[in-house]
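The values are calculated or read from the model by the stated rules, or taken from the named source; none is laboratory data. None of these values were measured; they are calculated from a predicted model. Neighbour counts are summed over all protein chains in view; Cβ atoms, including those assigned to glycine, are modelled from backbone coordinates with ideal geometry. Calculation scope for accessible area: heavy atoms of the full protein, side chains included, ligands and nucleic acids excluded. Shrake-Rupley method; radii C 1.70, N 1.55, O 1.52, S 1.80 Å.
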Amino acid sequence: MNRPPFSLVGIDHVVFLVDDMPRAMAFYQGVLGCQPGYSYPALGMEQVWCGSALIVLWDITQPGAADAVPPVAGGRNVDHVCIALSPFAAEDLRKHLALHGVAIEREAFHGGARGMGYSFYIRDPFGNKLELKGPAVYPDGRAN
């Protein structure tokens, strides 16, 4: 068996699709005690801290969330799960995924629970979207 060119660190963030942001924030902050995180009003997105991980709430009623709206109403409410990885060489990760027949849908550089870093978006065999996120290049100061 071929060993991956990284080690698993844990869950970085989960993105939940919602259609009532005030209600979602009331639950995650008021009921669960999550702390305020990053806010992206143009995307209709709010993030809350759940320990050292983020829960991202994406309001699909907002224009900035058009790409997240499920093709079937009620079809899904999780956009993706982000898995935090140890440092890796991007080319090694690309080769590893290709060796296993896993297509990379998108590569990006953006924020997460550990700060700004590089991400690779893939799908598991069941169609679930996974974000493989490297360590922070620019830590946010909360968690690394």
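Numerical summary
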| item | result |
| --- | --- |
| K95 of a type in the set (K, R) and under 13 Å from V14 (Cα atoms) | no |
| Residue within segment 48-56 that is touching a Pro at 6+ places or on another chain (Cβ under 7 Å), within 22 Å of G117 (Cα to Cα) and of a type outside the set (S, T, Y) present | yes |
| Residue match in segment 94-104 (condition: assigned to a loop (DSSP other than H, G, I, E, B) and under 18 Å from the mean Cα position of the chain (by Cα)) | yes |
| Test result for V18, of a type in the set (A, V, I, L, M), more than 30 Å from L93 (Cα to Cα) and open to solvent by 80 Å² or more (accessible area, probe 1.4 Å) | no |
| Condition broken by D79, with the remaining ones in (1) charged (D, E, K, R); (2) closer than 13 Å to E131 by Cα; (3) modelled with pLDDT of 90 or more satisfied | (3) |
| All positions within segment 21-74 that are part of a strand (DSSP E or B), open to solvent by less than 50 Å² (accessible area, probe 1.4 Å) and touching a residue at least 24 places away in the same chain (Cβ under 8 Å) | E46, Q47, W49, A53, L54, I55, V56, L57, W58, D59 |
